[in-house]
Amino acid sequence: MITAESITLKDDRGNWLGQIIITNDGMFASVTDYGNFSYAWRAYGDNFKDFLISINTDYFATKMVTGFAYICLNKTIEKGAKLFAEKILPALQNYLRAERNGG
C-alpha cells in the first residue's frame, strides 16, 4: 500500500518555507516559497526517507530541473500546463468520483 506524509517546513525563526509531500514509493512533491517542484524516484533503495537524507543539494536540484524541464523543453509553459491539465485533472476527477461513490 502506498502511504503519503505531509511535512510543513519552517525556518529557524518559525517562518513557513513550504509543504512537502513524500510517499513511501519514492514521490516528492512540494509547494514552497521558492517554487513548486516534484519528482518521483523509482530506484532509491529500501527506505525513501533514508534516501532523501543521503542525497546532496546538487543531485536534488538536478532532479527538480528534470521534472520541470519536460514542460519547458520545445514548448511554451502554457502548452505544458495545458497538457498537464488535460492528462492529470480528468484522471484525478475520475478517481475522486469513484472514491466518493464507494468504488
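The values are calculated or read from the model by the stated rules, or taken from the named source; none is laboratory data. Because the structure is a prediction, the values reported are computed rather than measured. Neighbour counts run over all protein chains shown; Cβ positions are idealised from the backbone, glycine included.
Comparison of Ala29, Ala81 shows that the only residue that is out of contact with any Gly (no Cβ under 8 Å at 6 or more places or on another chain) and modelled with pLDDT under 90 is Ala81. For segment 1-32, the set of residues classified as assigned to a loop (DSSP other than H, G, I, E, B) and either within 14 Å of Gly67 (Cβ to Cβ) or within 15 Å of the chain's Cα centre (by Cα) (or both) consists of Ile2, Thr3, Asn24, Asp25, Gly26, listed by residue number. Restricting Gly45, Gly35, Gly102 to residues that are at pLDDT 70 or above, small (Gly, Ala, Ser), under 23 Å from Ala4 (Cβ atoms) and touching a Phe, Trp or Tyr at 6+ places or on another chain (Cβ under 6 Å) narrows the list to Gly45.
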